[in-house]
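Peer 1: Structure incoming, see below.
Read the figures in this text as sums done on the coordinates, not as results from a lab. This structure is a prediction, so every number in the text was calculated from the model and none was measured. All Cβ positions, glycine included, derive from the backbone under ideal geometry; neighbour counts span all protein chains shown.
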Amino acid sequence: MGSKREGYISWDEYFMGVAILSGQRSKDPNTQVGCCIVSQDNKILSMGYNGLPIGCSDDEFPWDREGDDPLDTKYVYTVHSELNAILNYRGGSLEGAKLYVSLFPCNECAKAIIQSGIKEVIYDCNKYEGTPSVTASKRMFDAAGVKYHQYKRTGRKIEIEL
Ligand SMILES: O=c1ccn([C@H]2C[C@H](O)[C@@H](COP(=O)(O)O)O2)c(=O)[nH]1
Ligand SMILES: [Zn+2]
């Protein structure tokens, strides 16, 4: 009897890989965020990335970080990856699900994560650690019993020819 293939990717590599790949759809020139929501038995339930709402043109709305008028910045228009993944879900409940995301969730996403019943967050980068937004997210996750931990990078490189 033949033996199984060695070197297959782990569940964590698979789901964070899907999250990072989803982020490659983002039009944000500065930060591309991708998200993958997974059931407790490791089935992918939904995915998302940071982008504009349906009907809002990527070419007409601003992608600037700064502007004299907040209306000239991306911040008032962008839907965050986590919220997009939650809203993209077409099933019933996300109760007990896990969420893989390439950037630690902001406070607004943290609220949506908690309210949707997601119980675990696995994040990659946390470049806004220490900001009020991230501190508020942690405070809310702790209070709501949502576990979070950083993805442990394995150094594995995957090349995909498309
Ligand atoms: O929880 C989060 C936080 C941020 N994002 C998105 C929103 C923006 O498109 C970028 C952040 O842009 P910066 O230029 O780094 O400020 O990330 C998200 O999807 N989820
Ligand atoms: Zn957010």
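Peer 1: Going through segment 1-110, which GluC sites (Glu not before Pro) have at most 12 other Cβ atoms within 10 Å and a DSSP loop state? Walk me through the numbers on the way to the answer.
Peer 2: Values: sites: GLU6, GLU13, GLU60, GLU66, GLU82, GLU95, GLU108; in loops: GLU6, GLU60, GLU66, GLU95.
The qualifying sites are GLU6, GLU60, GLU66, GLU95.
Peer 1: How much length, in nm to one decimal, is gained on full extension between THR154 and ASN88, taken as 0.36 nm per residue of separation minus their Cα-Cα distance?
Peer 2: 20.8 nm
Peer 1: Please give, to one decimal in nm, the separation of the simple spin-label points placed at GLU66 and GLU95, each 7 Å out from Cα toward the Cβ.
Peer 2: With each label placed 7 Å out from Cα toward Cβ, I get 4.8 nm.
Peer 1: Using alpha carbons only, how many angstrom separate the centre of segment 61-108 from the centre of segment 1-32?
Peer 2: Centre-to-centre (Cα) distance: 20 Å.
Peer 1: Hey, if you put +1 on the Cβ of every Lys and Arg and -1 on every Asp and Glu Cβ in the chain, which of GLY48, TYR148, GLY67 ends up farthest toward the positive end of that dipole?
Peer 2: Going by the Cα projections, it comes out as TYR148.
Peer 1: What chymotrypsin sites (Phe, Trp or Tyr not before Pro) in segment 1-42 are in a loop by DSSP, with at most 14 other Cβ atoms within 10 Å of the Cβ?
Peer 2: TYR8
Peer 1: Between the DSSP loop rule and a limit of at most 16 other Cβ atoms within 10 Å, which trypsin sites (Lys or Arg not before Pro) in segment 1-92 are left? Present the calculation step by step, with values, prior to reporting the outcome.
Peer 2: On the way: sites: LYS4, ARG5, ARG25, LYS27, LYS43, ARG65, LYS74, ARG90; in loops: LYS4, ARG5, ARG25, LYS27, LYS43, ARG65, ARG90.
Passing sites in segment 1-92 are LYS4, ARG5, ARG25, LYS27, LYS43, ARG65, ARG90.
Peer 1: When Lys and Arg each count +1 and Asp and Glu each count -1, what net charge do the other residues less than 12 Å away from ASP28, Cβ to Cβ, add up to?
Peer 2: On the way: positive: ARG25, LYS27, ARG65, LYS74; negative: ASP58, ASP64.
Spelling it out: positives minus negatives among the neighbours equals +2.
Peer 1: If we count every other residue with Cβ under 14 angstrom of ARG156's Cβ, Lys/Arg +1 and Asp/Glu -1, where does the sum land? Please list the in-between numbers first.
Peer 2: On the way: positive: LYS152, ARG153, LYS157; negative: GLU6, ASP12, GLU13, ASP124, GLU159.
Around ARG156, the charge tally is -2.
Peer 1: Under the rule of -39500 (n - 2.57) per DSSP H run of 4 or more residues, summed and divided by the residues of the chain, what mean residue ellipticity at 222 nm is obtained, to the nearest 500 deg cm²/dmol?
Peer 2: For the chain, the value works out to -8000 deg cm²/dmol.
Peer 1: Quick check: the angle from helix 11-23's long axis to the longest principal axis of the chain, C-alpha only, nearest 10 degrees?
Peer 2: 30 degrees
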